[in-house]
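Beneath this line is the structure, given in structure tokens, with notes to follow.
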Amino acid sequence: MKLWLRQHHQAFQLVIARMWCTRLTTLMMLGVLGVTLSLPAGLYVVLDNLGTLAGSIESDPQISLFLALDANTEVIKDIDKRLHGHHDIKDYRYVSRDAAWNELQHNAGLEDLAGGLEKNPLPDAYIVHAANNDPATVEQLRQELQQWPGVEHAQLDAAWVKRLYSLMQIGRQAVLVLASLLGFALLAIIGNTIRLQILTQREEIEVSQLIGATDAFIRRPFLYAGVLHGVGGGLAAWLILYGALSAFNLSIDELARLYASDFRLHMLNAQACAVLILAAALLGWLGSFWAVSRYLTSIKSSR
């Protein structure tokens, strides 16, 4: 066991020493890996923040039922009775024209507009929440309510939120596709880097084989190199994302203050960061394993 640990420790130290000797090349390599990893990670961050923003907005399907201006008490009672007994309606709330007018008059920024009107132009209304969130079912309910006597207009208020969620679902699929494509690119980049290292150490490898070194012994330092390149690329991607989000938040803070909001773009959480770095390390290990295995196979076939 001690011998096995000592071998791994020596391989790790060897890789660190080689990377330090070629630190400029190593830094450039880590920068390339970081930029490549930051693309899908950045798109994921944008979608995650959009999901947080959409989640803070009322997304429950809501239908605003505006009554005709000449709707009398009997018409309102009939509509109330229909709404109460409708199985597709979860709950509803009546908003009288007087209550809506008072709210309009006290709404910040609309006092001058309300004061310039001689009489209340607002109709009585009902705010209706559907029992089913399915867009087709909600739209069918809206069309049904539109046909009721005394209803002037039925408006579906949360339709844009549903469209946003649909676009976000497409975005998540795009993240998976982009991550898969760039994952193959990382395998090729790291594999090619390890292959070049193998070629520069070819004579050393051949001598090691002549004195009885196993394939695992030869492969070990290159696997460590691949993992360290992957981890470094993951950390570089995190730094790129952090810098980009910090720069964007400077502008977003100014815009959010204009709308009395505290919205900011949030960085990846600890779990997502761990997944990013571990995925990069795994890709580095796979790229190295593939490159070394191809080289060892070519040596054996040439004998």
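Since every read-out is calculated from the coordinates, none of them should be taken as a lab result. None of these values were measured; they are calculated from a predicted model. All Cβ positions, glycine included, derive from the backbone under ideal geometry; neighbour counts span all protein chains shown.
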Can you list residues from other chains, or at least 5 along the same chain, whose modelled amide H is less than 5 Å from the amide H of residue 62?
157, 158
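How far, in nm, would the chain grow between residue 82 and residue 2 when pulled straight, counting 0.36 nm per residue and subtracting the alpha carbon separation? Don't skip to the answer; put the middle values down first.
Working: separation 80, 0.36 × 80 = 28.80 nm, distance 8.09 nm.
Residue separation times 0.36 nm, minus the Cα-Cα distance, leaves 20.7 nm.
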List the residues of segment 9-51 whose backbone N lies under 13 Å from a point placed 7 Å from the Cα of residue 192 along the Cα-to-Cβ direction.
29, 32-33
Stretched out fully, how many nm does the piece from residue 170 to residue 155 gain, at 0.36 nm a residue minus the Cα gap?
2.8 nm
Residues of segment 177-192 with amide nitrogen under 19 Å from the 7 Å Cα-to-Cβ point of residue 282?
177-191
